[in-house]
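Nothing in this text is a laboratory measurement; each read-out follows from the coordinates by a stated rule. Everything quoted here is computed from the prediction, not taken from an experiment. Please note: Cβ atoms are built from the backbone with ideal geometry, for glycine as well, and neighbour counts cover all protein chains shown.
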Amino acid sequence: MKPARFEYHAPTSVDEAVQLLGSLAAEDGRILAGGQSLVPTMAFRLAKPGHLIDINAIATLGQIGSKDGALEIGACVRHAAFHRPVVAGPLGQLMSTVVRHIAHYPIRQRGTFCGSLAHADPASEWCLVAVTLGAQMIALSTRGARTIAAEDYFTGIMTTALAEDELLSQVRIPLLAPDTRFGFREFSRRAGDYAIAMALVTFRLDGGTIVEPRVGIGGAEANPRRIPEAEAALVGKPAELTTFRAAAEIAAEVVEPMEDMQADAIYRRDLVRAMTRRALEQAAQ
Amino acid sequence: MSGKLIGRSVTRLEDPPLLTGAGRFAADVSFPHQLHMRIVRSSYAHARLLAINTKQARALPGVYAVWTAGDVAHVPPIDFRLTRVDGLEHYRQHVLATDRLRYVGEPVAAVFADDPYVAEDAADLVEVDAEELTPLLRADQEPGEFAPARRTEPAIVHKEYGDVDAAFRAAHTVITLDLAIGRHSGVPLETRGAIARHDRARDVLELHGAAKVPHWNRDQIARMLGRAPASVQLYEGHVGGGFGIRGELYPEDLLVCVAALAFGRPVKWIEDRREHLIAANHSRQQTHHVHAAVDAAGRILAIDNAFFHDQGAYVRTHAATVPDLAAAMLPGPYRVPAYRAVGHIRLTNKTPCGTYRAPGRFESTFVRERVLDAIAAQLKIDPIEVRRRNLIGASEMPFRRPLDTLGTEIVLDSGDYARLLDRTLKAIQWDGVRQQLEARRRAGEFVGAGIALFVEKSGLGPFDQVHVTVDTSGAVEVVTGAASVGQGVETVIAQICGEVLGVNYTKIRVVHGQTDRIAHGLGAFASRVTVMTGEATRIAASKVRAKAIETAAELLQAPADALDIVDGRVVRAGVAVGPSIALGDIARALAPTANPRPREPGLSAEGWFHANHMTYPYGVHVAVVAIDRDTGAVGVERYLVAYDIGRAVNPMLVEGQIVGGFVQGLGGALFEEFLYDERGEPICVTFADYLMPSAREAPRTEVLITEDAPSPLNALGVKGAGEGGANAVGAALAAAIDDAIGRPGAVTQLPITPRRLRELLRES
């Protein structure tokens, strides 16, 4: 569990980082931010990057704040930054609720929000947040900047629309309306483990009926995604258990579950059903 | 503090260095000019080894050598330490694979390099050419071929007494259960490590990083390498957890020794975590087909216990220990008039197995207590009542069970099992718990409670030897061949020595695990140290005390029987002021140069303790659980361990042993399992996949330590504390989960994962 040989680079500006990545991507140059996934993978020699481009010295990438109706999260913002709400209103609260489920305290001190999105583990809580809330990813390369919408961003297990020479420099998440309700539930074997299934839901209430529902499911398929069929079952309905049960049932039916050591398809559907219903109940409280 | 020390929860002598960063673990040991060893491991579960190409690896700058089996052809396979059974010897492991690869992780080649990174780079360059064979992954399917003319069932453990068949013919009811225990193991925080150095000036081969059984390993290494035992010395540093698996003699230990001799340079090997999870001993995996004959009142007439023990790819140092214990200990605290155990030792293409905390008992307690619960359910008798009807009575002690294990006859030395059951039920307020659970169940919750009883064993002999010496400063040194795996040996031995000798226990240095300090030692396993080393210490300290008082009597001109030792000074017993003499001064008076010359110089003595029988502590576990019916998750709301250990030398350390053991038992019951895919590839090779419970999963453990039944086999009455916390966790949780879901006998397999439990819930 000693990594293979690599060359280490520590750029001090975004431009320099992008230049380095542009020239080293072909030699398997990789960005190092928090290192909480990449470094263990290197220790197992499952990854043997020829070059590591450490972006931790680039001060601007550590910035977080709201601008133009969106929360902007720089590439070096740690999970721990979200322990307390980073922005007033439901989005800040949602993220501080979700972050408690990400691994363990020491890992949250090092690992980064954008790193999770670049890594794109199917069970990543932040990926579920991004896709459910319609985040935008800002990708930088020597060819310039481009914005990737969340629905176009995830392309498979641990694969994204980012090109090898692109740095995920920032993620923007639209702020939530002040009366947005949210619920988040995940199931894992132990506290801090990768979720076997999780659900993130948001909606608003208009005279007791549900408007603008979003139902996101993570951990169950190759990528987290919204479940439009379940959302349709919520629109205009009263926020009560029968509604939630029906939507949860639909979510459980329409997912195409991964199968692994922890869960076969039928068990993952059970978990999707339970997590969706509980997230909806939590949102209604 | 001196005076009364035994029975007090004094703080640990071991802690200051550990808590201040002064500890020295295997990885902290380094020598100038050392080479680093990296093992190339088989990526095949089963294959014919055709060729190994080391050319590229050898060519890498910084690589000193690359070895394959031919380079260590003179080293015999690693022998058995315990429970040797004829026929097993053909299934021992060579230090490097010869012609077949039998598990993923098997050492195939060893790379030696100037630094560990280069060693790992070079290991990646070693090419193994092999022809893959079909792996055998289940112990309960038809045996296959281990080697030409050698089947994968090397031996059967058979233990029997009474007329089993007649009992079944006469039975009112026959219970039949098929049960399975999952493959898991002890996972110490510190992985294994071995650092060998050949001191050519003295021609002594040193091995650092030893643990558990340094003397036995020293003797074996000497024998295997054709050296005199005195020319091989093992040194134990701090050890980050043992649990049965750490400290046994493994291929890597031999490889560093052979290499250090061959290269004339020290050789260091530190196991990484992935290696640990595939290369160090696994344990526990057994399937049992058990039948019980019972009468109309639920009394057991006979048990017929057929089981398959998944030994993995080779038979290691424990030989038949685990299946032998599983067979012998299954009857537990119950009167079982007739009994038959047939244990099939089966080899599979998985990591070889050995002992893990409560070996054979975690498994057999699960089986036995499932049987008791099944009797209760089938005959509609309360589970507590059915146990009471079968318990061996206090008046029957000592109770001779016509079985043997670990080379000793089973004679349950002392115990009042019914009394401990009563005390347990009172402590947890069983009736109140039942009522609360009933109310919650009516409200729709899936909650339940379960109970399991067991008998442990401890204090395995046959001997222990201790030297106690007081130096001229009054400091006391106790030298023992026991070992410390973190359990508190130094503290406990110092407490015993301190009380007997009249010395503050913090003034006592306990030396352990150093083969060059004492000729004999059996180390630390089988919950033996407090019993065996403790009694040898008491004997040695008593002799030193007598000698000190005898000498002081002359110096103080007082009759010996009027003297006592208090806080390291010999004083007149019961007299507050008056003449006294420090033990250090007595030691000076006993120096070989003293005038007058002492009859026998030195304030020191040797203590020997021999024992042909083990001591048998016993306990009760109670679990209260809540099931999440949607997910199958088990929440352990309460857990109580009651344990009678005869006499607790340090109750705080006993409690620590019990709580730690419980959490490991919880792992085996709900979380931990080494899984393999259909090609025999291990799936659980990281802590993300091998799920040990953390503080969040473990409930606060309630501990009831009792001293109702001191052992008659040693003067202090002590029994061992190491394994009672783990023993019955699978059994108690299985019962509680059955109760919670209202389906007696539903749990037949450990670990009880949420997926499996959800399947059970879906059925109902």
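A few notes on this one:
- Residues B:K4, B:K719 arranged by fewest to most Cβ contacts within 10 Å: B:K4, B:K719
- Karplus-derived 3J(HN,Hα) values for segment B:85-92, using 6.51 cos²θ - 1.76 cosθ + 1.60 with θ = phi - 60°, are 10, 4, x, 6, 4, 6, 10, 6 Hz; glycine and proline are entered as x.
- Residue-by-residue Karplus 3J(HN,Hα) for segment B:671-676, coefficients 6.51, -1.76, 1.60, Hz, glycine and proline x: 10, 8, 7, 7, 9, 10
- Over chain B, DSSP H runs of length four or greater, each weighted -39,500 (n - 2.57), average out per residue to a 222 nm ellipticity of -8500 deg cm²/dmol.
- Between B:A210, B:T753, B:L403, the Cα set farthest toward the positive side of the dipole of chain B (charges on each charged residue's Cβ, about the Cα centre) is that of B:L403.
- Hits among lysines - C-alpha to C-alpha of A:K48 under 28 Å, sequence gap 8 or more where chains match: A:K2, B:K55, B:K268
- Near A:Q170, the amide H atoms lying under 5 Å from its own belong to A:I138; only residues 5 or more places off or on other chains count, and H is placed 1.01 Å from N.
- If you take all other residues with their beta carbon under 11 Å from the beta carbon of A:L140, and give Lys and Arg +1 and Asp and Glu -1, the sum is -1.
- Each residue of segment A:132-140 was assigned a 3J(HN,Hα) from its phi angle through the Karplus expression (A = 6.51, B = -1.76, C = 1.60, θ = phi - 60°), giving 6, 9, x, 6, 10, 9, 9, 10, 10 Hz with x at Gly and Pro.
- Loop-located GluC sites (Glu not before Pro) across segment A:107-180 with a Cβ neighbour count of 16 or fewer within 10 Å are A:E164, with loop assigned by DSSP.
- Of the trypsin sites (Lys or Arg not before Pro) found in segment B:20-118, no site is in coil according to DSSP while having at most 10 other Cβ atoms within 10 Å of its Cβ.
- Segment A:143-219: C-alpha gyration tensor shape, a/c 1.5 cut-off, then a/b vs b/c: oblate
- This model, with +1 at the C-beta of Lys and Arg and -1 at the C-beta of Asp and Glu, gives segment A:183-284 a dipole about its Cα centre of some 280 debye.
- Cα gyration tensor, segment B:1-143 - rounded (a/c under 1.5), prolate or oblate: oblate
- Database remark: amide H of B:R638 closer than 5 angstrom to the amide H of B:V624 (H placed geometrically; neighbours at sequence offset of 5 or more, or on other chains; Pro and chain starts carry no H).
- Given +1 at the Cβ of Lys and Arg, -1 at the Cβ of Asp and Glu and no other charges, the dipole of the protein assembly as shown around its Cα centre is 1680 debye to the nearest 20.
- Here the residues A:I64, B:I451, A:I217, A:I102, ranked from fewest to most Cβ neighbours within 10 Å of their Cβ, fall in the order A:I64, A:I102, B:I451, A:I217.
- Global form of chain B, assessed from the alpha-carbon gyration tensor, a/c cut-off 1.5: oblate
- Farthest positive-ward along segment A:59-174 dipole, Cα basis, beta-carbon charges - from A:T112, A:T147, A:V87: A:V87
- The alpha-carbon of B:K4 sits under 26 angstrom from the alpha-carbons of these lysines, leaving out residues fewer than 8 places away in its chain: B:K507, B:K543, B:K547, B:K719.
- Built amide H within the under 5 Å cut-off of A:G111, gap 5+: A:H79
- Taking other residues whose beta carbon is less than 11 angstrom from the beta carbon of B:G182, and scoring Lys, Arg as +1 and Asp, Glu as -1, yields -1.
- Applying the criteria of a DSSP loop state and at most 16 other Cβ atoms within 10 Å to the chymotrypsin sites (Phe, Trp or Tyr not before Pro) of segment B:662-764 yields B:F687.
- Sorted fewest first by neighbouring Cβ atoms within 10 angstrom, A:T142, A:T159 come out as A:T159, A:T142.
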